[in-house]
1. Please work out which one of (1) within 18 Å of ALA127 (Cβ to Cβ); (2) surrounded by fewer than 16 Cβ atoms within 10 Å (Cβ to Cβ); (3) not basic (Lys, Arg) is the condition VAL78 fails and give its number.
2. For VAL354, state whether it is open to solvent by less than 10 Å² (accessible area, probe 1.4 Å), touching a residue at least 12 places away in the same chain (Cβ under 8 Å), in contact with a Leu (Cβ under 8 Å, 6 or more places away or on another chain) and not in a loop (DSSP other than H, G, I, E, B).
3. Output the residues belonging to the range 220-242 that are closer than 27 Å to GLN309 by Cα, open to solvent by 10 Å² or more (accessible area, probe 1.4 Å) and assigned to a helix (DSSP H, G or I).
4. Just to check your reading of the model, which residue among ALA207, ALA189, ALA159 is of a type in the set (Gly, Ala, Ser), open to solvent by less than 60 Å² (accessible area, probe 1.4 Å) and modelled with pLDDT of 85 or more?
5. VAL115 versus (1) open to solvent by less than 50 Å² (accessible area, probe 1.4 Å); (2) at pLDDT below 90; (3) not acidic (Asp, Glu): which is the lone unmet condition?
6. Which of the residues that make up the range 314-351 are part of a strand (DSSP E or B) and either surrounded by fewer than 23 Cβ atoms within 10 Å (Cβ to Cβ) or out of contact with any helix residue (DSSP H, G or I) (no Cβ under 8 Å at 6 or more places or on another chain) (or both)?
7. If we only count helices (runs of 4 or more DSSP H) wholly inside the range 1-75, which ones have 2 or more residues that are among the charged types (D, E, K, R), open to solvent by 60 Å² or more (accessible area, probe 1.4 Å) and in contact with a helix residue (DSSP H, G or I) (Cβ under 8 Å, 6 or more places away or on another chain)?
8. Please determine whether any residue of the range 142-164 is touching a Phe, Trp or Tyr at 6+ places or on another chain (Cβ under 7 Å) and within 19 Å of LEU67 (Cα to Cα).
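The values are calculated or read from the model by the stated rules, or taken from the named source; none is laboratory data. Here the structure is a predicted model, which means the values were calculated and not measured. Here the Cβ positions follow ideal geometry from the backbone for every residue, glycine too, while neighbour counts run over all protein chains shown. Surface accessibility is based on the protein's heavy atoms, side chains included, excluding ligands, DNA and RNA. Shrake-Rupley method; radii C 1.70, N 1.55, O 1.52, S 1.80 Å.
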Amino acid sequence: MRLRGMPPSHARSLARSVRFHGFTITALARHAARVHRDSLGLVVDGWSVTFGELWSAAQGVAAVLYLGPLDRTPRPVVIACAGPAMPLSLIAVARLGLDVMPVSRGSLEEFRRAVPQDALLIHDGEAPAWHRGPTVQAEQIVAWSTSDGSGLARPRRRARIVLPDRSLAGTITTHVQGAMGVQGLRQLAGLHDRLGIEGTDVILTCAPLHRGKGLQLLGMALLTGATLVSAAHTPSADRIRIIRDRFVSVLSASPSQLAGILDELERTGEAPPRLRRIVVAGQDVDADLVRRLHTVWGPIVLSAYGSVQTGTVAVATPEVLSAHPGTVGRRLPGSDFGIVGHRGRGDASGLLWVRGAHSTVITEDRARIEDGMLTIVGPLTQPDTSD
């Protein structure tokens, strides 16, 4: 696959990595280390690495995990920690070709029934009493990142990312994300073209790196060579400071996080930092918020919509949002959406279904489709709990 503006040498590097590892986070990390080696790749809680250093560190962690806690025995791995240990562990475990389940440390108990009992658990703090598998502290992961993992052979299996999710009814489901395939490639290429991410961009993500938009932006940074700065669970004043100090050009945040940044700017009276793109995701888009953002920064706001199972399926460009502030946009290539019980692509409203990344999901959102544009009206107020 060659993205718009990608040099032929980079396209060949990506194809070679995909041939070895499938279209997985491993392939993207190996590609980034090859073509963007000395560029700053990732900044998490003051810890920063180039793309080459990130791949080398992940290889070192993978080697120690394989010979130590895993004892050369394949088993699933659950990552329940924050900070640099999360992306390091994620890429290291994927490098070993093992199934990996990233969750926030605060939701480990919530997803208890979805966690394999014999999995290797990488965590902060005390390990839960109910877990029977081996455990590793997050600080050990960072210490192991200086180890030599260059002698690791290519695994026979390709890594899968397992993402647990909780419905409004309280049901826990897990989505297994394997290689993306042709449709996934089209979806990612379409998202890249809509967002317009470039290798010179510095992206600030307010979502945690363990799921959703955080994972997607990590993949986008590895693909394009852009720098990704993580600022999850960070006060609005600190996010504004990071935007200024790190020369952030693309900001990705939820509507509530963006509202907090706007409120902080109004409270202090300081001039807004310069931005090239603002990506709104994670919650319903509010038309008033879009107008506030456009007033402060101009028409640079995009909205994105998707699910854990399908990834992003719709994106609204600044031009679309200026005319229709409440929409989440039009479908991406390789994805689709529609209203349950309504045939065809005509205008309709009701319960929304979405398709992407080899999955078709009936969501818990009520939506309206007009002229191919998707607008989220609200969540299903009375979910079916008959099961």
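1. VAL78 satisfies all of (1) within 18 Å of ALA127 (Cβ to Cβ); (2) surrounded by fewer than 16 Cβ atoms within 10 Å (Cβ to Cβ); (3) not basic (Lys, Arg) except (2).
2. Considered against the rule, which asks whether it is open to solvent by less than 10 Å² (accessible area, probe 1.4 Å), touching a residue at least 12 places away in the same chain (Cβ under 8 Å), in contact with a Leu (Cβ under 8 Å, 6 or more places away or on another chain) and not in a loop (DSSP other than H, G, I, E, B), VAL354 comes out as no.
3. Once the filter is applied, which keeps residues that are closer than 27 Å to GLN309 by Cα, open to solvent by 10 Å² or more (accessible area, probe 1.4 Å) and assigned to a helix (DSSP H, G or I), the range 220-242 yields only THR224.
4. ALA207
5. (2) is the only condition that VAL115 fails.
6. Residues satisfying the conditions are ALA314, ALA316, ARG330, ARG331, ASP336, PHE337, GLY338, ILE339, ALA348, SER349, GLY350, LEU351.
7. Fully inside the range 1-75 and qualifying: 25-35.
8. yes
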